[in-house]
Amino acid sequence: MDRIWMDKVAKDSMDPMMKMWVSFVGIGLMALAAVLVTLARYKTKGLVKTLVSSVAFLFLIIGGLLGLISIT
């Protein structure tokens, strides 16, 4: 039973080029998050700072999940 499941997982997994692009998008989102946090910290105040920081946090989480997906 496990052998059949492993064969199905191997057929459904991404090809190496797709994994590469997914990891690039994840890296890009994490880099964009770093830029947004820097922008929010030094250039904005109040509600705008909170919104930009929240978007940066969301990008960081999504980028991390994409990185995790690309290595599995």
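The values are calculated or read from the model by the stated rules, or taken from the named source; none is laboratory data. Only a predicted model underlies this, so the values are computations on that prediction, with no experimental measurement involved. Here the Cβ positions follow ideal geometry from the backbone for every residue, glycine too, while neighbour counts run over all protein chains shown. Each accessible area value is taken on the protein alone, full model and side chains, heavy atoms only, with ligands, DNA and RNA left out. Shrake-Rupley method; radii C 1.70, N 1.55, O 1.52, S 1.80 Å.
A few comments on the model shown:
- From Met6, Met18, Met14, Met30, residue being at negative phi, surrounded by 13 or more Cβ atoms within 10 Å (Cβ to Cβ) and at pLDDT below 95: Met14
- Selection within the range 33-61 - of a type in the set (Val, Ile, Thr) and open to solvent by 70 Å² or more (accessible area, probe 1.4 Å): Val35, Val37, Thr38, Val48, Thr50, Ile61
- Cβ pairs under 6 Å, 6+ apart, first in the range 13-30 and over 18 Å from Leu60 (Cα atoms), second open to solvent by less than 100 Å² (accessible area, probe 1.4 Å) and small (Gly, Ala, Ser): Lys19/Ser70
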